[in-house]
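Only one structure is covered here, and it is reproduced in the block below.
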Amino acid sequence: MGVLNFISNNILQDPPVLIGLIAMIGLIVQKKSIGEIIKGSFTAAFGMVILTEGVNMMTAVVAAINTAVQTKMGVAVSKGLSDVTFTAQYGGAVGMAMFLALVIHILIARFTPVKSIFLTGHMLWWVPFVIVAGGVEGGLRGPVLVVISAILSALYFSLAPWVMRKYVWAATGDDSFLIGHPTTILSLISGWVAKHVGDKKHSTEDIKVPEGLSFFREISISGGLVMFAVDIVVGLIAPALVPKGGNLFMVAFNAGLNFGGGLLILLYGVRLLVNQIIPAFQGISEKLVPGAKPAFDVPILFNYKPNAVIIGFISAFITSTILVLIANTTNVFGIVIVPLVITSFFECGGAAIVGEGQGGLRGAITGTAVASVAMVGLVGVSAILMGGTIRNWILIFGGNDLSLWSIIAKFVGQLLHMIGL
């Protein structure tokens, strides 16, 4: 267990180290020189470090909004990325399920037509985390919980990137990689809707703006301005956003600067990472898992259609927030849910790019709006079903594949529990 814990804590849950090792293995398999191996491995790791820091800057801005809204609505504020009690009790089961899932995942890639290798490091933990929680809610315990959670996690790691591959390739024009991120269900919905109601002739990237407003074409500036506006609105509704003695305008202004700066950092990290890891991964694909393609975190997409990301975020945030208010007013779910700011940006940002690839500007807007309806439904249902384990966590980070697969895991668990396993 000591070795397994070391690998889990210091490699699999450390994305820069994981990506650097993957790049190193790929370059070694290709018999590159020592200099090329060192340079490629470190550059790929640096790219992941930079990307992660950009994401962290943006997430911090969004988390402040979440906390303020939760405080205003009287919802218990999540103090971290996990439910502490659940992790303390079932963290070992999650870790064992993750290791077994990775073995099954590699075997699927090696011996079946589903050729994806899931490389989004933190999701290697969070997917088994929600699936184990679902299994516990369904009545599973012990070795059965670990094995079933591992099988379901492996299926997710393999199938989720693969089923949306054509949408990703259509949006990017690049078939060298896949997306391994909880945006899958929302992106599939967005892509399907956009294909039927969109218009490819009018792209989000062709939006014409007056010369004096050309700065809006820079994603860092437009993203920062959007977040500035969101902070102003939220601050007026939820005063907890502004520290005691602080000024709302300056809080919102700094939030916009940090969000825009985070976007710039993220996109630079994406470019570094893609330039190094794709060529290096070809060695693994050719020699160890023939035909396999790497599945990366969703920010990889943002560099291809930056306008779509911001448009999708606005569409999803407005639609979902209206639905959240309606759901809470009518008590549809029997619990209070909060606006899904994080999911609206990251998962729906990816969904907007997929929608853009299928139906241009109209596809990005309508596809993401429809996907955000599913987002609210998923977070509400999963929060109800996860009431004994990770409800607080799922309310903040759900509304996506994590919600969907926790629900699936609970029903599988209930079925197996009924037959005596």
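The values are calculated or read from the model by the stated rules, or taken from the named source; none is laboratory data. These numbers were taken from a predicted model, which means no experiment stands behind them. Positions of Cβ are backbone-derived with ideal geometry, glycine not excepted, and every protein chain shown enters the neighbour counts. Side chains are part of the model used for accessible areas, which takes the heavy atoms of the whole protein and leaves out ligands, DNA and RNA. Shrake-Rupley method; radii C 1.70, N 1.55, O 1.52, S 1.80 Å.
So for each of 250-262, 335-347 I average, over its residues, the number of other beta carbons within 10 Å; can you give me the resulting order with the highest mean first? Walk me through the intermediate numbers first.
Values: 250-262: 19.2, 335-347: 24.5.
By packing density, highest mean first, the sequence is 335-347, 250-262.
Could you compute the FRET efficiency for Val147 and Ile38, with r as their C-beta to C-beta distance and R0 at 30 Å, rounded to 0.05?
My answer for the efficiency is 0.15.
Between Leu107 and Leu415, how many nm apart are label points set 7 Å from Cα along the C-beta direction?
In this crude label model, Leu107 to Leu415 measures out at 2.0 nm.
Can you tell me the length gained on complete extension of the stretch Val17 to Lys287, counting 0.36 nm per residue apart and subtracting the Cα distance? Write down the numbers at each step before the final one.
Values: separation 270, 0.36 × 270 = 97.20 nm, distance 2.19 nm.
So the chain would gain 95.0 nm between Val17 and Lys287.
Add -39500 (n - 2.57) for each DSSP H run of 4 or more in the chain, then divide by its residues: what number comes out at 222 nm, to the nearest 500 deg cm²/dmol? Walk me through the numbers on the way to the answer.
Details: 15 runs with 306 residues, N = 421.
Per the formula, -25000 deg cm²/dmol.
Would you mind calculating the gained length between Asn247 and Ile384 on full extension (0.36 nm times residue separation, minus the Cα-Cα distance), in nm to one decimal?
45.6 nm
When the C-alpha atoms of the chain are aligned to their principal axes, what extent does each axis show, in angstrom, from largest down?
So the extents along the principal axes, rounded to whole Å, are 53, 53, 47.
So what is the accessible area of the range 129-201 per residue, in Å², with the probe set to 1.4 Å? Show your work: numbers first, answer last.
Values: 2570 Å² over 73 residues.
Result: 35 Å² of accessible area for each residue.
Binning every alpha carbon pair distance of the range 331-421 at 5 Å from zero, what are the percents per bin?
3, 15, 22, 18, 15, 12, 8, 5, 2, 1, 0
Which part of the range 320-347 falls in the paramagnetic zone of Ala229, meaning amide N under 16 Å from the point 7 Å along Cα-to-beta-carbon?
Inside the label zone: 320-322, 345.
Return P(r) of the range 102-179 (all Cα-Cα pairs; 10 Å bins starting at 0; whole %; ordered from short to long distances).
Reading upward from the zero bin: 19, 43, 29, 8, 1.
DSSP H helices in the chain with Cα extent of 30 Å or more along the helix axis and mean Kyte-Doolittle hydropathy at least 0.5?
34-73, 84-111, 142-163, 248-287, 306-330, 341-385
With +1 on each Lys and Arg Cβ and -1 on each Asp and Glu Cβ, and nothing else charged, work out how big the dipole of the chain is about its Cα centre, in Debye to the nearest 20. Walk me through the numbers before you get to the answer.
Numbers: 23 positive and 18 negative charges, 93 e Å.
The dipole of the chain has a size of about 440 debye.
Send over the per residue convex hull volume for the range 153-288, Cα only, as a whole number of Å³. Please report the intermediate quantities before stating the final value.
Details: hull volume 26.5 nm³, N = 136.
Once divided by residue count, the hull of the range 153-288 is 195 Å³.
Modelling each spin label as a point 7 Å along the Cα-to-Cβ direction, I'd like the Val163/Asp175 distance in nm, to one decimal.
For Val163 paired with Asp175, the spin-label model returns 2.2 nm.
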